[in-house]
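Worksheet: the structure to be examined is printed underneath.
The values are calculated or read from the model by the stated rules, or taken from the named source; none is laboratory data. Since the structure is predicted, the reported quantities are computational estimates derived from the model, not experimental observations. As a convention, Cβ positions derive from the backbone with ideal geometry for all residues, glycine included, and neighbour counts pool all protein chains shown.
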Amino acid sequence: MIGHRGEDFKNLYRAIYPKLQKLFGTRQPVFLSTSSAWAVMEASIRNLADRGVLCCMCGAFSDKWFDVAKRCGKNAEPLQVDWGKHIDRRDIDRQLATGKFDTVTLVHNETSTGVMNPLEEICSILAKYPDVALILDTVSSFSAVEIDMDALGIDVMLTGAQKALALPPGFSLFSVSEKAFARAGKIANRGFYFDFLEFKKEQAQWMTPSTPSIAHIHALQSKLDEIFEEGLQARFDRHARTNALVHDWVRRAGFDFFAEEGFRSKTLTCVKNNKGIDVLEFARELRQKHHLVIDPGYGKIRGETFRLSNMGDETEESVSHLLACLDDVL
């Protein structure tokens with residue numbers, strides 16, 4: 001353990017910083033938050049939303065963001081699609097053309113449904129509305145697929161530690177554009193703990209506004225070393241290969257995909273239980289017999305689906321082992 005207000009901590013923050021900026025695809029500050037990603041999702045609403053928030057909703061987490069915006073007292077409206085469907089850029093365009101919104105929330109990879117929204121297409125629409133800020137959740141896609149924050153014009157990009165970064169939960173990372181900082185400066189009642197301007201001021205001194213989880217940051221340093229030793233493109237390619245293995249298994253085992261074709265996640269697969277198996281028993285037996293854990297569906301689609309992860313440290317060998325054990329239990 002090191003002191004979090006001394007040179008040792010400053011040196012630790014400095015050491016990981018260039019790799020973090022590379023992963024985010026940004027020259028903007030990258031911040032360390034001792035919280036879940038949900039806290040930064042709420043903070044983004046409090047720091048940026050003023051005239052109106054358009055919440056793009058396609059699953060449990062993006063749907064909840066709308067509720068969070070309302071609880072923060074913001075004028076929020078839903079852009080809702082059925083679970084399993086993607087957010088269409090044309091719908092965003094139509095909504096932004098009304099002039100009612102200055103903020104958009106989008107989950108890149110909707111973890112509950114296995115939908116990956118078409119980020120480049122959506123960002124091309126946002127480019128038409130320079131006064132609108134885009135807040136992007138990359139919790140289950142960050143570091144597994146390439147996301148260039150600056151090139152895409154993302155104003156807040158946030159992620160959590162426990163998904164593709166494969167670190168313990170309870171820690172998050174985010175970066176903020178100059179446009180977003182300027183907006184935050186005009187917003188009253190941002191609070192303190194998640195005030196973006198406080199983060200910016202402290203980061204300039206290689207500090208955090210409040211006590212950081214130093215153990216998480218040491219773990220992050222180790223993980224970044226692994227990521228860049230493997231190489232970013234090699235890491236992206238590995239996720240594509242392991243994802244393809246899972247997709248092949250879904251077809252071979254006679255299941256369907258919950259997410260629509262062309263918009264399926266590269267880091268996890270939400271499998272539709274079209275065979276009518278007892279998903280909870282399936283997951284229990286897999287755990288008891290093979291010591292492997294899968295998710296038996298999230299929220300309102302629990303039991304109707306199950307989710308298989310190929311993110312983070314998973315390899316072709318580990319994913320193939322999982323799939324063989326799934327076959328055995330079936």
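Couple of notes before you dig in:
- Taken residue by residue, region 275-298 has at least one member that is in contact with a Gly (Cβ under 9 Å, 6 or more places away or on another chain) and in contact (Cβ under 8 Å) with a residue 60 or more places away in the chain.
- Residue match in region 243-259 (condition: touching an Asp or Glu at 6+ places or on another chain (Cβ under 8 Å), without any contact (Cβ under 8 Å) to a residue 60 or more places away in the chain and outside the structural domain of residue 45 (by TED's automatic domain parsing)): yes
- Test: residue in region 319-326 that is on the phi > 0 side of the Ramachandran plot and not in a strand (DSSP E or B): no
- For region 124-182, the candidate set comprises residues that are without any contact (Cβ under 8 Å) to a residue 60 or more places away in the chain and touching a His at 6+ places or on another chain (Cβ under 9 Å); within that set, the residue that is surrounded by the fewest Cβ atoms within 10 Å (Cβ to Cβ) is 168.
- Region 160-179, residues that are among the polar types (S, T, N, Q) and outside any loop (DSSP other than H, G, I, E, B): 172, 175
- For region 206-232, residues that are touching an Asp or Glu at 6+ places or on another chain (Cβ under 8 Å) and within 22 Å of residue 148 (Cβ to Cβ) total 1.
So that you can scan it fast, the table gives a plain yes or no per residue for (1) under 15 Å from residue 135 (Cβ atoms); (2) surrounded by fewer than 24 Cβ atoms within 10 Å (Cβ to Cβ):
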site	(1), (2)
11	no, yes
14	no, yes
26	yes, yes
39	yes, yes
47	yes, no
53	yes, no
64	yes, yes
71	no, yes
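- Condition met for residue 205 (assigned to a loop (DSSP other than H, G, I, E, B), assigned by TED's automatic domain parsing to the domain that holds residue 117, modelled with pLDDT of 95 or more and of a type outside the set (Gly, Ala, Ser)): yes
- Unmet criterion (only one of (1) hydroxyl-bearing (Ser, Thr, Tyr); (2) within 20 Å of the chain's Cα centre (by Cα); (3) surrounded by fewer than 18 Cβ atoms within 10 Å (Cβ to Cβ)) for residue 309: (3)
- Pairs with Cβ under 7 Å, 6+ apart, first in region 9-22 and under 11 Å from residue 228 (Cα atoms), second at pLDDT 95 or above and part of a helix (DSSP H, G or I): 19/224; 19/228
For (1) in contact with a helix residue (DSSP H, G or I) (Cβ under 7 Å, 6 or more places away or on another chain); (2) in a loop (DSSP other than H, G, I, E, B); (3) more than 30 Å from residue 308 (Cβ to Cβ), each residue gets a yes or a no:
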site: 186; (1), (2), (3): no, yes, yes
site: 190; (1), (2), (3): yes, yes, yes
site: 197; (1), (2), (3): yes, no, yes
site: 239; (1), (2), (3): no, no, no
site: 243; (1), (2), (3): no, no, no
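- Any hit, region 86-109, residues being within 17 Å of residue 267 (Cα to Cα), part of a strand (DSSP E or B) and not acidic (Asp, Glu): yes
- Filter result for residue 110 (within 16 Å of the chain's Cα centre (by Cα) and surrounded by fewer than 18 Cβ atoms within 10 Å (Cβ to Cβ)): no
- Every residue from region 183-214 that is under 20 Å from residue 155 (Cα atoms), surrounded by 15 or more Cβ atoms within 10 Å (Cβ to Cβ), out of contact with any strand residue (DSSP E or B) (no Cβ under 7 Å at 6 or more places or on another chain) and of a type outside the set (Val, Ile, Thr): 184, 190, 194, 195, 197, 198, 200, 202
- Inspection of region 137-159 identifies no residue that is more than 19 Å from residue 53 (Cα to Cα), aromatic (Phe, Trp, Tyr), part of a helix (DSSP H, G or I) and at pLDDT 95 or above.
- Among the residues listed as 77, 121, the single one being without any contact (Cβ under 8 Å) to a residue 60 or more places away in the chain, part of a strand (DSSP E or B) and more than 21 Å from residue 196 (Cα to Cα): 77
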